[in-house]
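For reference, the structure discussed in these notes is given below.
The values are calculated or read from the model by the stated rules, or taken from the named source; none is laboratory data. Remember, it's a predicted structure, so these values are computed and weren't measured experimentally. So basically every Cβ, Gly included, is an ideal-geometry build from the backbone, and we count neighbours across all protein chains shown.
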Amino acid sequence: MSDPFSNDEAAEPAKSSSPKWLQFSVLTIMLLTATVGVWVAQIQTTEQTEQMRLEIPNLQKAARELIITDPGQYTAVRHHETWNDDFRWRIYLPEGHQYQLALATEKIDDGILPAPFDTKIMKPGEYELELRYKKQKDDSYRITVLLDEEVIFEQLHPAGWNDNSGSRGASNISDSLQRGLDRPLEIMRTRFHVRDEKGNSSTPKEPSNGIVIWLDTVSN
Amino acid sequence: MFQRIITAILLLAIIVGAFQLIQAKTSQSEVKQEFDRLVAKVGRLEITDPKKFHVIPIETNEPFHYAWRVYMPEGLSIHRKTKFFSGGSSSSSTSGQPNESIFRARFRFVDDEVKVYVKSGSGSSTMGYTNKKFSQFLQDHADEMIVGSLADDGTRVFDTDQVLTLLKLEIPEHLQDEARLAWNKRDKRKRTLPPLILTQMGTQEAFAAAKEKKNE
C-alpha cells in the first residue's frame, strides 16, 4: 500500500518565471520608495517656493510696502488711507548722499517748486513720514509733519488760508515707486481753490496756498 | 553584482535628494516667512476666474473697522452705494483694465458724533450723525451688533450680475428698544430699525435688476 503522503519524485527547487536581473530584494524596493519620496518632496517644495515668490510682489503692492529694486534710487510708497486726509508714506533714501525734506504752504504754482517754509536734513535710510492736516474750531488750520512719529514741522495758519472751496492734487505717490536722485522727489502737491465774485471755485492762475512736500539731495 | 549597483545608485539618489530637499526647505522658510507676513496683512486673493468679482476680507484688528480686497474684471461700470442712517453716498466708475482695490468702512466716535469713512476704490467719503446717546449706545454694544459682511475665510467669487453687500451692520432684536430710545426714533409700530450702514457694489445693470426684483 502506498503512502498517500509520500512523494516519490525528488524535490526540485521552485523556478522563477522572471530573469534574474529583474529580481529585486526588499531592501531595493524600500530604497526605491525612499528615493521617489525624497525627490517628489524636493520638487513640490521648490514649486511651492516659486509660487510664493511669484505672489510676493503683488502682495507687497496690495500691502503698500516699499519695493526697492534699485537701491540707488529714491523709493516711496503711500500707506493705505484709513480716514480722510490720512497722509502717511514710507520713504527710502539711498546711501552716499545727504537729503533735505522741505515743506511749503504758500506761493505754490504749478510745475515748479516753491520756496520752502521749513527744511530738515535727513540721512540715508528708511523713514515713516506723516502729514497731519486739521481744521481747528476757529477755522484755522494746523499742519504738522512727523518723521518716525516725531514732529519736525508745525504750522498754524489763520482762517482763510484754506476757505474750503476745494483743492487740486494731493499725494503724488500711491503704489511703491522709484525715482532717480537727479531731480527732487515730490511727495505731495495740493493747491487750494479760491472763490470768485460769483461764488465759483477754481485753482487761481497766480501762485496760491496749498501744501507741497518734497525731497532733494544736498551737498555734504 | 547588479543588485549592489542598483542599491548604490539608489543610496546616492537618496543622499543627493535629501541634500537638495534640505536646501529647498531652507530657501522656502525665508520666502514663506515673508509670504505669510504679507498674507496676514492683506489676505491672499486668488483669481480663479478673471471675469468674476473676487473678494477677500482684510484683518483690521479694530472694532467697527472693516476692509476688503476686491478684484474687478475689466470693462465694467461699477456702482458703489452706502446708506448710513438717513443719509448716504454713491459713486460710479468704469474699470478699464482688470483691477484690484481696497474697500474700507471705518467708524469713529468723535465727541457726540458717530462718523463713518467709506473708501471704495479711488473715491472716499465721510458721513456723520450727531447723537450723543446713540454714539454711546453703539460703543457700549460694539460686540453685539449683527455684522453681515463678506468676511468668510478665503477668497469669495461672485458673478458680475450680482450686487455685493460688503457690509450690513444691524442692531440685534434684544437691543432694538434701547436703540430706538437712543436714536430717538418714535415709532408706535416698533418696526425693526434699518441697518446702521449698508455698503454695496455692483454693475449698474445688477443694481437695476435688484431694484426691479424688489418692486415685484
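Give the residues of region A:41-57 that are aliphatic (A, V, I, L, M) and facing another protein chain (nearest Cβ under 9 Å), sorted by residue number.
Across region A:41-57, the qualifying residues are A:41, A:43, A:52, A:56.
If you check B:9, B:22, B:47, B:14, which single one turns out to be of a type in the set (A, V, I, L, M), outside the structural domain of residue B:198 (by TED's automatic domain parsing) and not in a helix (DSSP H, G or I)?
Unique residue meeting the criteria: B:47.
Taking the options B:82, B:48, B:7, name whichever one is more than 9 Å from chain A (Cβ to nearest Cβ), surrounded by fewer than 18 Cβ atoms within 10 Å (Cβ to Cβ) and among the polar types (S, T, N, Q).
Exactly one residue qualifies, and that residue is B:48.
Among the residues of region A:58-81 satisfying the criterion of being within 10 Å of chain B (Cβ to nearest Cβ) and free of Cβ contacts under 8 Å to residues at least 40 places away in the same chain, which is surrounded by the fewest Cβ atoms within 10 Å (Cβ to Cβ)?
Taking the candidates together, the pick is A:58.
Kindly establish whether residue A:83 is among the aromatic types (Phe, Trp, Tyr), assigned by TED's automatic domain parsing to the domain that holds residue A:203 and not in a strand (DSSP E or B).
Judged against the criteria, residue A:83 is a match.
Is it the case that region B:110-123 has a residue that's basic (Lys, Arg) and within 25 Å of the chain's Cα centre (by Cα)?
Yes, there is a match, as at least one residue in region B:110-123 is basic (Lys, Arg) and within 25 Å of the chain's Cα centre (by Cα).
Quick one: count up the residues across region B:125-160 that are over 17 Å from residue B:198 (Cβ atoms), touching a strand residue (DSSP E or B) at 6+ places or on another chain (Cβ under 9 Å) and without any contact (Cβ under 8 Å) to a residue 12 or more places away in the chain.
Number satisfying all stated conditions: 1.
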